[in-house]
Amino acid sequence: MACLTDLVNLNLSDTTEKIIAEYIWIGGSGMDLRSKARTLSGPVTDPSKLPKWNYDGSSTGQAPGEDSEVILYPQAIFKDPFRKGNNILVMCDCYTPAGEPIPTNKRHNAAKIFSNPEVAAEEPWYGIEQEYTLLQKDTNWPLGWPVGGFPGPQGPYYCGIGADKSFGRDIVDSHYKACLYAGINISGINGEVMPGQWEFQVGPSVGISAGDQVWVARYILERITEIAGVVVTFDPKPIPGDWNGAGAHTNYSTKSMRNEGGYEVIKTAIEKLKLRHKEHIAAYGEGNERRLTGKHETADINTFSWGVANRGASVRVGRETEQNGKGYFEDRRPASNMDPYVVTSMIAETTIIWKP
């Protein structure tokens, strides 16, 4: 007699060429991920060969009930670490039946920026450090924390090991391997300063692919925590008080920054970011004012600053970049709940296209 695990792990390629494609999209809040699956006649590796699909936008806060159809345009394909085989995950963006991007479709504008000849010529690279917090499902309290109470003060938990310092490593390692399997360029993981908080890094990724990969990595994490019976939150300050918040530090470079003389290009780009500080902060995640206080390795939200090896600045330049005279910089302002399509394209637009 087969059990559920046997059936979930059935290898479809033993009996059919058909595959399952899980279409993923971003819902009405701008942070909620949705997905549904369909059967395809055989393996597909090119998103343009996938059929468009639709869903009920009135149930996701993205369309009125009397005109509820939203169209999914497949944009990127990843291997499915849950169903395995030739089955795929498909990152989509959302349009009206007339072909107009709906308001929550931030990918469309990002793709336009990245296809700008000036931007494309600079080959912008991104490395995104996605922090998140694991919560106990029944209490919405961080994993490993005593119910209704607090653990010892911060200090031993960052990159810590041991049952009294590290909570949820099985989830984190499962996510790490699942992302590698899927084809996401995940480059590392670590435990963070607040217990129950973790980070994964995606990159280097070029242009629009950075946003696609971060969103699918978030999707995979949500699916794994669903299996584990744990909740993941991307809130930038899940616990008030003397606890670190959660960010999505965005490392960035252009071809000019990576070439000889790049340090001067970096300094010019940082000055442009300073001039548009308010616009960037407004687009860098909801609730970020609770995180960017000038404490807990952050700069104050109202003040732009930069420095070499300074983790209390808005923008940090690495010591190696200063010494080599070329390299990259890190924008430390984005919150953990930022939209990577918005942040990556805005940094490119400001530093490459925008003229003060």
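Can you work out the PRE-style zone for LEU275? Point 7 Å along Cα to Cβ, and I want the residues of region 338-356 with backbone N under 12 Å.
Under cut-off, by backbone N: 350-356.
Using DSSP to call loops (not H, G, I, E or B), can you name the trypsin sites (Lys or Arg not before Pro) in region 100-182 whose Cβ has at most 16 other Cβ atoms within 10 angstrom?
Numbers: sites: LYS106, ARG107, LYS112, LYS137, LYS165, ARG169, LYS177; in loops: LYS106, LYS137, LYS165.
Sites meeting the loop and neighbour criteria: LYS137.
Leaving out ligands and nucleic acids, note down the accessible area per residue over the chain with a 1.4 angstrom probe, in whole Å².
About 45 Å² of surface per residue is accessible.
At 0.36 nm per residue, minus the direct Cα-Cα distance, what do ALA309 and LYS112 gain on full extension? Give it in nm, one decimal, please.
Values: separation 197, 0.36 × 197 = 70.92 nm, distance 3.33 nm.
In short, 67.6 nm is gained.
Which ³J(HN,Hα) values in Hz, rounded to whole numbers, follow from the phi angles of region 169-174 under the Karplus curve 6.51 cos²θ - 1.76 cosθ + 1.60, where θ = phi - 60° and Gly and Pro get x?
4, 4, 5, 5, 5, 4
If you roll a 1.4 Å probe over the chain with all protein chains in place, what percent of the accessible area is carbon or sulfur?
52 percent
Simple spin-label model, 7 Å along Cα-to-Cβ: LYS267 to TYR158 in nm?
According to this spin-label approximation, the distance is 2.9 nm.
When only DSSP loop residues count, what chymotrypsin sites (Phe, Trp or Tyr not before Pro) in region 304-356 have their Cβ near at most 16 other Cβ atoms within 10 Å?
TRP354
Between ASN140 and SER187, how many nm apart are label points set 7 Å from Cα along the C-beta direction?
Result: 3.5 nm between the two label points.
Looking at the chain, send over the antiparallel percent of its DSSP beta bridges, to the nearest 5.
Here the antiparallel bridges make up roughly 90 percent for the chain.
Sort 271-280, 220-229 by the packing proxy (mean of other Cβ within 10 Å over each peptide's residues), most packed first. Could you put the intermediate results ahead of the total?
Working: 271-280: 15.6, 220-229: 17.4.
Taking the mean over residues of other Cβ atoms within 10 Å, the ranking is 220-229, 271-280.
Do the sum for the chain: with -39,500 (n - 2.57) for every DSSP H run of n ≥ 4, divided by all residues, what is the mean residue ellipticity at 222 nm, to the nearest 500 deg cm²/dmol?
After summing the helix terms and dividing by the residues of the chain, the value is -7500 deg cm²/dmol.
Name the shape class, rounded, prolate or oblate, that the alpha-carbon gyration tensor gives for region 4-104, where a ≥ b ≥ c are the square roots of its eigenvalues, rounded holds for a/c under 1.5, and otherwise prolate holds if a/b is larger than b/c and oblate otherwise.
prolate
Specify whether the C-alpha gyration tensor of the chain places it in the rounded, prolate or oblate class, a ≥ b ≥ c being the square roots of the eigenvalues: rounded for a/c under 1.5, otherwise prolate if a/b is larger than b/c and oblate if not.
It is oblate, given that a/c is not under 1.5 and a/b is not larger than b/c.
Which of the GluC sites (Glu not before Pro) found in region 10-71 are in a DSSP loop and have at most 11 neighbouring Cβ atoms, other than their own, within 10 Å?
On the way: sites: GLU17, GLU22, GLU66, GLU69; in loops: GLU17.
Answer by residue number: GLU17.
Once fully extended, how much extra length lies between ALA282 and GLU320, figured as 0.36 nm per residue of separation less the alpha-carbon to alpha-carbon distance?
Net length gain for the segment: 10.6 nm.
Given the peptides 143-152, 186-195, arrange them by the average over their residues of other C-beta atoms within 10 Å, most packed first.
By packing density, highest mean first, the sequence is 186-195, 143-152.
Please say if region 227-296 is rounded, prolate or oblate, where rounded means a/c under 1.5 for a ≥ b ≥ c the square roots of the C-alpha gyration tensor eigenvalues, and otherwise the choice is prolate for a/b larger than b/c and oblate otherwise?
It is prolate, given that a/c is not under 1.5 and a/b is the larger ratio.
Grab the beta carbon distance between ARG290 and GLU123, set R0 = 41 Å, and tell me the FRET efficiency rounded to 0.05.
Using R0 = 41 Å, I get an efficiency of 0.70.
Please give the peptides 238-249, 26-37 ranked by average Cβ packing (other Cβ atoms within 10 Å per residue), highest first, as a rough proxy for protection.
Taking the mean over residues of other Cβ atoms within 10 Å, the ranking is 238-249, 26-37.
Run the numbers for GLU17 and LYS36: contour at 0.36 nm per residue of separation, minus the present Cα-Cα distance, in nm.
4.8 nm
The values are calculated or read from the model by the stated rules, or taken from the named source; none is laboratory data. All figures in this text were calculated on a predicted structure; none of them were measured in a lab. Cβ atoms come from the backbone with ideal geometry, glycine included; neighbour counts cover every protein chain shown. All accessible areas refer to the heavy atoms of the entire protein, side chains included, with ligands and DNA or RNA removed. Shrake-Rupley method; radii C 1.70, N 1.55, O 1.52, S 1.80 Å.
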